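The values are calculated or read from the model by the stated rules, or taken from the named source; none is laboratory data. Keep in mind that what you see is a predicted model, and the values were worked out from it rather than measured. Here the Cβ is made from the backbone with ideal geometry for all residues, glycine too, and neighbour counts use every protein chain on show. For the accessible areas, the whole protein counts, side chains as well, though only heavy atoms, and no ligand, DNA or RNA atoms are used. Shrake-Rupley method; radii C 1.70, N 1.55, O 1.52, S 1.80 Å.
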Amino acid sequence: MANPVLVEVTRGDLVESRHRGMVVAVDGDGKVMFSQGEIDAVVFPRSACKAMQGLPLVESGAADAHGFGNRELALACSSHNGEPAHARLAATMLAAAGVDESVLECGAHWSFEQPVLIGQARQLDHPTALHNNCSGKHAGFICAACHTGKDLEGYVRYEHPVQAEIRGIMENLTGSALATENCGTDGCSIPTYAVPLKNLAHGFAKMATGAGLAPERAKASRRLIAACMAEPFYVAGTKRACTRLMETAPGRIFAKTGAEGVFCAAIPEKGIAIALKCEDGTTRAAESMVAATLARFFTEEPDLHAALMAQANRSMSNWNGIHVGDVRVTDAFAA
């Protein structure tokens, strides 16, 4: 079965592009609350699962030992812009563990956000690993490893204890077996595992509700989700979709993007989590899809519903500010 068209892009009065995809919303018990497309298809979560990967930082006791608050925990779950505040906080986290950026194995890159990149190019000869969008996550890995006495060298490799622990955590949350057969390498060099989309959503529903989790994992999960909702800037940054969605309903919506058109979200108060993928990997479509899916669960709050739908359906202008078309979700999202 072909996945349905979930997002259209218009130019003038005509549809210029169409994006197919799959989306699923589940509760803590795994009951499907809404779905479109092949929700049992396997996908690489990529960076959308960083809150899962952040659990060792909390469960090991490292976060408390270093006095980390919501900002540090949010950065550990982030794909940030590499803005100065992001890079400074990542460096501070490393310093708390007694190390510096030289131990980071995520690689270095300029910011993906053009205004930030221009500022970096004006001030820096080259970017450092602190500017990598994954530096906060890697700082979390390193802090947890140092706190538990693990060797740091090669902490990104499949066989390293840090990655083995994360693998076990993700198996526990998603109910999926993870091994070399469904493993790839992410952009920041750590392993990434393909899991069924529905299982990914259920993993986040368990994090948001604590359903089916051991008490300590349930507590750590809720703490990370709450930290991201409290400090959305440190999850992504200026003008980013994750930040904007969480700021639309402060303390009520968790949202995290991943590469290749993946997005995960949760509404803890409703016990619901969402996972989706735009089939062709386009970010603009995934951002519309997650906003429209979230909006379905706020129909009784007209202002919030409208604010989310305004992010799902948005206009496009050219460099002269002339309206040229729209990105819009299809009737598949109609409540």
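Select, from Ala51, Ala25, the only residue that is part of a helix (DSSP H, G or I), crowded, with 24+ Cβ neighbours inside 10 Å and in contact with a Lys or Arg (Cβ under 9 Å, 6 or more places away or on another chain).
Result of the check over Ala51, Ala25: Ala51.
Do you know which residues across the range 167-198 are open to solvent by 40 Å² or more (accessible area, probe 1.4 Å) and in a helix (DSSP H, G or I)?
Glu171, Asn172, Thr180, Glu181, Lys198
When the range 232-244 is examined, which residues are found to be open to solvent by 20 Å² or more (accessible area, probe 1.4 Å) and either under 18 Å from Phe204 (Cβ atoms) or touching a Leu at 6+ places or on another chain (Cβ under 8 Å) (or both)?
First, the residues of the range 232-244 that are open to solvent by 20 Å² or more (accessible area, probe 1.4 Å): 233-234, 238-240, 244.
Scanning the range 232-244 gives a single hit, Tyr234.
As an exercise: evaluate Val99 against (1) aliphatic (A, V, I, L, M); (2) assigned to a helix (DSSP H, G or I); (3) open to solvent by 10 Å² or more (accessible area, probe 1.4 Å); (4) more than 26 Å from Ala275 (Cα to Cα) and give the number of the one condition it does not meet.
Only one criterion in (1) aliphatic (A, V, I, L, M); (2) assigned to a helix (DSSP H, G or I); (3) open to solvent by 10 Å² or more (accessible area, probe 1.4 Å); (4) more than 26 Å from Ala275 (Cα to Cα) is unmet by Val99, namely (2).
Provide a single number: the residues in the range 211-231 that are open to solvent by less than 10 Å² (accessible area, probe 1.4 Å) and either over 26 Å from Lys277 (Cβ atoms) or among the β-branched types (Val, Ile, Thr) (or both).
Residues of the range 211-231 open to solvent by less than 10 Å² (accessible area, probe 1.4 Å): 218, 220-221, 224-225, 227-228.
With either over 26 Å from Lys277 (Cβ atoms) or among the β-branched types (Val, Ile, Thr) (or both) added as a condition, the list becomes 218, 220, 225.
Number satisfying all stated conditions: 3.
Tell me the residue from Ala164, Ala108 that is over 13 Å from Ile190 (Cβ atoms) and out of contact with any Gly (no Cβ under 7 Å at 6 or more places or on another chain), please.
Ala108
Name the residues in the range 106-135 that are under 20 Å from the mean Cα position of the chain (by Cα) and assigned to a loop (DSSP other than H, G, I, E, B), would you?
Scanning the range 106-135 gives Cys106, Gly107, Ala108, His109, Trp110, Ser111, Phe112, Glu113, Asn132, Asn133, Cys134.
Counting only residues that are open to solvent by 10 Å² or more (accessible area, probe 1.4 Å) and part of a strand (DSSP E or B), how many does the range 1-18 have?
Total meeting the criteria: 8.
Taking the range 60-73 as the region of interest, how many residues are part of a helix (DSSP H, G or I) and either under 23 Å from Pro232 (Cβ atoms) or open to solvent by less than 60 Å² (accessible area, probe 1.4 Å) (or both)?
Step one: list which residues in the range 60-73 are part of a helix (DSSP H, G or I), which gives 62-65, 70-73.
Among the residues that remain, those that are also either under 23 Å from Pro232 (Cβ atoms) or open to solvent by less than 60 Å² (accessible area, probe 1.4 Å) (or both) are: 62-64, 70-73.
Qualifying residue count, the range 60-73: 7.
If you check Ala285, Ala273, which single one turns out to be of a type in the set (Gly, Ala, Ser) and part of a helix (DSSP H, G or I)? Steps first, answer last, please.
Values: Ala273 fails: part of a helix (DSSP H, G or I).
Sole residue among the options that is of a type in the set (Gly, Ala, Ser) and part of a helix (DSSP H, G or I): Ala285.
Among what's in the range 76-96 and is over 17 Å from Ala62 (Cα atoms) and either aromatic (Phe, Trp, Tyr) or part of a helix (DSSP H, G or I) (or both), pick the residue that is most open to solvent (accessible area, probe 1.4 Å).
This residue is Arg88.
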